[in-house]
Each structure stands twice: as structure tokens, then as C-alpha cells.
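No value in this document is a laboratory result; all are computed from the given coordinates. For clarity, every value in this text was computed on a predicted model and none was experimentally measured. Note that each Cβ is placed from the backbone with ideal geometry, even for glycine, and that neighbours are counted across all protein chains shown.
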Amino acid sequence: MHYCGDFRTSYEKDVEIFQTPFIKVCMGFLMLALLAVPFLLKGEYLWIVLQIVIAVIGAVGLNILTGFTGQISLGQGAFFGVGAYTSAYLTAKMGVSFWVGIPAAGLVTAMAGMVFGVPSLRLKGLYLAIATLASQFILEWIFVRWESVTGGSYGIVVSRPAIGGFVFESDASYYYVVLAFAVVMVLFATNLIRTRTGRAFMAVRDHYISAEIMGISIYKYRLLSFGISSFYAGVAGALFGHALKFVSSEQFNIGVSIVYLAMIIIGGLGSIIGSVFGAIFMILLPKVLSVITEAVAADIPSIAKLAISFEQGVFGLIIVLFLIFEPDGLAHRWKLIKAYWKLYPFSY
Amino acid sequence: MTTQYLLQLVISGLVVGSIYAAVALGFTIIYKATRVVNFAQGEFLMVGAYVCYAFVVQMGVPFYAAMLLTILFGMVLAVILERLILRPMIGEPIISIIMVTIGLSLVLRSIVTAVWGNDILVYEPKLFPQETVSMAGVPVSLEFIWCFILSMVLLAVFSVFFKYSKAGVAMRATAFNQQVAQSMGISVKHIFALSWIISAVVSGIGGVLIGNINGINSSLYHFGLKVFPATILGGLDSILGAALGGLIIGLLENLSDGFCKSYLDLSGVKEVAPYVILVIILMIKPYGLFGTKEIERV
């Protein structure tokens, strides 16, 4: 049921995230559906959903930095790595519990992010993008060379978390752990952008000189944005490490950074729901592509090799086409669809 | 560390640096005229190297003809890419443009691996003489010297082009202010296409040169990533800066690698040194040696 206007009578009503009963019911169903996933999907499909949920955390984090604060980061992949290695080192080598390891991973990554965010105090736009690109390569190099902590090219073997005697060993049980983190962090981000901090981020993005004149310390908010974004990346990276039960440097290369940047651009910059769409799209895309190439290769074996090398190319092509034909991302399309159904059948 | 070793480091640093300079030149030309940050610059280099390989080795075309054909191919490719992909992106935010060139780089890379595979290919016959000459007691391969000279010539030609030719002046005018340039009768569209053409050609030649020394494989595009330290050091929109920046980065990369190997027992510094330098420059002198300072007024 739709209301034809805003009928809020109290301040509490006005600040609710989900304002109409319809939305609340929808969200309830969505939550039920998410909880039911392990019963419906098994094996590889469940693993894909698990990856998507982790990617959502990372994408939301990057969107806070790039979409809301306007600071382009090409180093998200490396920050993932910082989180994954921190948690792996703490849990596997020092015997700390997973439940301490994850927040610690987030905090350490936030610190690292703020260190590499320091150039953002003087730089913006392209220059910052290049600075973060440099941080990606520097961190990647550290992952490989700092063998006493990262295990060098051998990596670190990590285990799944446990509470009391219960170990979240299966993908299905671990999915709930990841889901809990994701829900909390997405809700936190949704709330964050409605606070003074979030509005300050957007002011810095839209016109930083005006923002500064209005009393917003741009240095503070840029660094804070780097910190929060890296915290998200760290948690996502750590969760990913524990999901895979193995952490090694190849998992956090420049390709990962590019995929995350593509997620938020295709999903929609400055939109939480867009980050979610983008994460779903970019995780599913390579899987669908590989299914297609396998099918093609099975039918026509002579082009099998060709098809495999084209997989990356098609991936790139889809990014390009998306940017040319849908520059505002999936979130924009979602808005149009919603608006269409709201007015249906009288669309004018 | 002996002086000989040091000299060797300097020489190979200068040679690699001259290739960086050529690619950085290509990058700067595009950035200067169109404000597009081209993350696919390294792929242009790679495509150039492979296309020249196809002509010389697979079709047996003589080298000079092959070089001309490669240049021609680079031109056509650049025009197509500019028209189909970059033109629609005019006016989009910087992040979309970065992403679109990254997407483009993935596409080019996959086409190259699809056609030529992943193995290292070697130019046969070699394009340059293989003898070594002795410079200050250090044996230096002649192809190194050729490579260095050719990239320096390339850089000199384009500096003259920008300074004196009509098209060069038009490009500089466009870079300065597109609307004014347009109203003075300069076709901004043509300038955009021209800058992509020049960029692709310069990088392609760089690719042929480096492919000649090291052999070519699909990881040649890494050169494109080294372009960022070089251009940032030189100043993003300065041709001279790109040339100097490339040489300096090549030198520093080799020297730091040599020093860390002999004194600190640390290998692989080469991969990371340019980026460390990059971060330091960005912190001290963000607009590089010769770059235009952006002054912002409210």
C-alpha cells in the first residue's frame, strides 16, 4: 500500500530508515530470503552468494570513500589484503579468537588507510587516484616480501571461527556469520550518511572550498572517510580470508581494486543500494561468463583457448559499455523502475 | 659495489627510462589535450610490439616497412577507439573516464593473448645489430644504444612538433582552453583524435623497441603502469617533464634495486621503487617538476 504523501507526525517517524509499512514488509521478506539461502542453494552456488555478501561490505566501504566523499581509490584490493593478513596473523599465528581478529583487522586496515590517505590532504581527483594506485603496489610488495608475518608466497592457512564448542566449519554456517557482519555494516553505512559526518562527506565531495568555508574541516573528513572505508575493506578482507581458509598475496592484486571500483561505478556512485547491486553484478558476471565460455568450448573445442582469453576482454567490454550507455549506474535504473511502478498504470 | 656495476646500472636504467619516457610522452599528449587519464597506455605499447612482430616475423615484411605498417595500424586503432569509446565519455566525471580506459585495457589485453598467446616471442631476425661496444670499460650492447637514440629522437621530434608545427600549436591551444580554441577555428574533435593517434604511435614505437631487447609477452603492459611515476615526477601536462621523468624513474629504479641488492640483501625493489618515489613526490611537490599548478579560486 502506498501513501500519496508524507504523513509523519513525530520526529522519530521522520528519522526512520524504512519509512512506510510496505518497505518494512519488503525488508522483512528480504531478510527471510537471505536467511533461507543456505537451505535453497548448495555447494558452488552458496559459495557465490557468500562471495557476494562479502563483496557488498567492501563495495559499501569503497562507496563511502569514492561515492560519498569523492576520493577516488585504486587501492581497495590492497586494503582487503591488510585486513586479511592482520586477521590471519592474529588468529593463526598468535592464537587470538576470530571475534577479536575481525575488529582488529578492521582497525589496523583503517590505520593503514589513513596513512595512505595522507596524500589526499593535498591532492584530489586524478592525483589522488594515482597515489592510491601507488599504495596498492607498495602494499602488494610488502605482502610478498614481509615473510615473517605474511608467509611470503606460501601464504597463511587460517581456520573458520568458533563460538564455545561450535565451529562454523560449513559454508552454510559461516554464511550466517558473514551475513550478520554485512547487515550490521550496511545499516551502519546507511545511517552514517544521514549524520553530520555523512553530510560533511558529501559537502566535501560536491565543493570542498564551500565546505571549508562552512566550517567543515576537509582534512579531518577526508582522513575519516579513508579510515571508515578502509575499516570496511579490512573486515571484508578478513572475512574473505576465513572463508577461503587461506590468505596469499595474489588474492589482493590490482585486479581486485579494479573490480571493486567497477562495482560502485556500475552500481551507482553515492548510493548504498547501488553498491549492493554492483557487488551482485560484478561477482556474478565472471561466473556467468565462464559458464558461457565452457558451454561454447564444449560445443566447438577448437576455439576453447580463444574463448578463455576473451573472458577478461568481455568483462572489460561490459564495463566500457555500461559507462557509455548507463553512466549513472544500476541504482539510477532501479529508481526509474520504482518510479514507473509507483505511478502504474498512469505513468504521466 | 664496483664502478663497473654502477655504470651498468646507469646505462640499463637510461635505456629502460627512455622507453618509459616514450610511453609517458604518449600519456601526456592525451592528458594535455583531452584531460583523459589513459590507463591503457601500456596496452598501446603491447599492441605495437605484437603487431610489428606479426609483420616482421610472421609475414616476413622488411623491418622499415613493418615499422610504417605498425604506425599505420596504431593510427587506425587510435581513431576507432577515440571515436567509439572516448568521445561519448566527454564531460563525464574523472572516475568514469579512468574506469573506461581500464576496461579498454582489459579488452586490448585479452585480444592480444587470444591472437598471440602467452609465450615469450622473439623478433627474428633481430632489428638492430647484436655486437657490443665498450663504453668507459663497460660492455654495452649496440641495441641498447639504438633503442636509447631512437627514443630520444622520438622525443625531440615531438617537442619540435609541439613548439613549431601548426597542428602542435593547435593542440596546445586546445589544451589551454577548449572553447577559445574552438572559436578560433580549431576543430577540437580533430585535435582529440590527433592526440590519440600520436599517443598510440609513440607508445607503439616504444613497444617495438623494448620488444626487440627483451622479447615480447603479454606482461609488456606493465610499462604502462610505470608511466604514472614518470609523468607525476615530470608534471602531468609537460612534454619535457614526461621525457625527463621517464629517464629519472628508469635510473632511480635500477640504482635503488642495485643498492638494495648489494647492501641490504633485498631483492625485487625494482617493482616498488618507482611507486615509493611517486608517493614522496606527491607529498612534497604534487605538480611535479614542470607541471602547471592548478590555482583554485572560489
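Numerical summary
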item: Structure-based [θ]222 nm, chain B - -39500 (n - 2.57) summed over DSSP H runs of at least 4, per residue, nearest 500; result: -23500 deg cm²/dmol
item: Using alpha-carbon coordinates, inclination of helix B:41-53 to the longest axis of chain B, degrees; result: 60 degrees
item: Kirkwood Rh and Cα Rg combined as Rg/Rh, region A:236-348; result: 1.08
item: Exposure proxy ranking, count of Cβ atoms within 10 Å, fewest first, for B:Met59, A:Met185; result: B:Met59, A:Met185
item: Residue order, fewest to most beta carbons within 10 Å, for B:His222, A:His332; result: B:His222, A:His332
item: Rough spin-label spacing in nm, given labels placed 7 Å along Cα→Cβ, for B:Val133 and B:Ser183; result: 5.5 nm
item: Binned Cα-Cα distance frequencies in region A:236-300 - 5 Å width, integer %; result: 4, 15, 16, 20, 20, 14, 8, 3, 1
item: Under 24 Å from A:Lys287, Cα to Cα: lysines that are on another chain or at least 8 residues apart; result: A:Lys42, A:Lys245, A:Lys305
item: Given chain B, longest segment not containing exposed loop GluC sites (Glu not before Pro) (DSSP; at most 13 other Cβ within 10 Å); result: B:132-293
item: Of every Cα-Cα pair in chain B, the percent that sits beyond 37 Å; result: 14 percent
item: Principal axis dimensions, the protein assembly as shown - Cα atoms, whole angstrom, descending; result: 82, 62, 59
item: GNM top mover of B:Ile281, B:Ile198, B:Ile239 - chain B, alpha-carbon springs below 10 Å; result: B:Ile281
item: Separation of the B:Leu68 and A:Ala172 label points, Cα + 7 Å toward Cβ, nm; result: 7.1 nm
item: Which of A:Tyr219, A:Tyr45 has the fewest Cβ neighbours within 10 Å, and the rest in rising order; result: A:Tyr45, A:Tyr219
item: Net charge dipole size for the protein assembly as shown [Lys, Arg +1 and Asp, Glu -1 on Cβ; Debye, nearest 20]; result: 1460 debye
item: Hull-based mean projected area of region A:41-272, where the convex hull spans the alpha carbons, in square nanometres; result: 12.2 nm²
item: Between helix B:222-234 and chain B: long-axis angle, C-alpha atoms, 0 to 90°, nearest 10; result: 70 degrees
item: Kyte-Doolittle mean at least 0.0, axial Cα span of 20 Å or more - DSSP H helices of chain A; result: A:21-40, A:43-62, A:98-117, A:125-145, A:171-192, A:218-244, A:272-299, A:304-325
